[in-house]
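As structure tokens, the structure follows; a few thoughts come after it.
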Amino acid sequence: MVQSKLLLNFPGVKHYFFDKNDVNKSLKVFNFDSFQTVDQVHGNRVTTINSLPFDSKGYDGMITKRKYLLAIRTADCLPILFYDYKKNIIGAIHAGWRGLSSGIINSLIRILMTKGSQSKHIFGAIGPHIGRCCYDVPRERIKMFGKTIDSDKLVSENRRSSWFLDLGKIAQIQMQQMNIQKRQIDILPFCTSCNKNYYSYRRDGSSTGRMINVIGLN
């Protein structure tokens, strides 16, 4: 298990990025039925949870002011956890290249702002995900991000003319475009494909398991 040093500064919230060795432990510590999850369809829709049960179909993100445990399942995609310490609101999203290119970060932050959040009070932690070191993609996928991408910082080309994309940095830039300052964003430096403590769809195929990434109010 790893945690964000940034979010650990806030006593009002708890969070955990579990690796594959922790999944069973997490289910012992937390009753799985206590986790609130969404379908995760690689889209950009975010739901607000005000009461249970709630409609989870077709969503990749959640926000709430209730003391629910929001859980995101990942195996290379980005788990991004949010906390507004003034409004005491938490959020969690599942973001792969499809979600990032279709604006899921923008969707979540806009919903927070409709609830009175200010960008200076929102902090975000990007958990373990496939890194630029391992994430080779077709050139067409890079073009999907348009002006978001500074090719010198987010894309590299190797001798085989493969293109490697930095999803974590793209997420950071998209948050900054919504006026979340860099100092309010934490990117945990763990590549799920390099590190065998994590499940990786890219490395192990579709039969691989999923990590659990959790945030909740204290």
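The values are calculated or read from the model by the stated rules, or taken from the named source; none is laboratory data. Given the structure is predicted, the values throughout are model-derived calculations rather than measurements. Using ideal geometry, Cβ is built from the backbone for each residue, glycine included, and neighbour counts are taken over all protein chains shown.
Selection of the stretch 72-82 for residues being surrounded by 24 or more Cβ atoms within 10 Å (Cβ to Cβ) and either among the hydroxyl-bearing types (Ser, Thr, Tyr) or assigned to a strand (DSSP E or B) (or both) yields Ile72, Thr74, Leu78, Pro79, Ile80, Leu81, Phe82. Count of the stretch 21-58 residues, restricted to those that are modelled with pLDDT of 90 or more, among the basic types (Lys, Arg) and more than 14 Å from the chain's Cα centre (by Cα), is 1.
Answer yes or no as to whether Ala75 is under 12 Å from Ile212 (Cβ atoms) and touching a residue at least 60 places away in the same chain (Cβ under 8 Å). So Ala75 fits the description; yes.
Got a number for residues in the stretch 179-218 being under 30 Å from Lys65 (Cβ atoms) and basic (Lys, Arg)? Counting residues in the stretch 179-218 that are under 30 Å from Lys65 (Cβ atoms) and basic (Lys, Arg) gives 3. Selection of strands (runs of 3 or more DSSP E) fully inside the stretch 157-218 by the criterion of at least 3 residues being touching a strand residue (DSSP E or B) at 6+ places or on another chain (Cβ under 9 Å) and farther than 24 Å from Met144 by Cβ returns 211-217. Between Gly99, Gly124, the distinction of being modelled with pLDDT of 95 or more, assigned to a strand (DSSP E or B) and more than 18 Å from Gln36 (Cα to Cα) belongs to Gly124 only.
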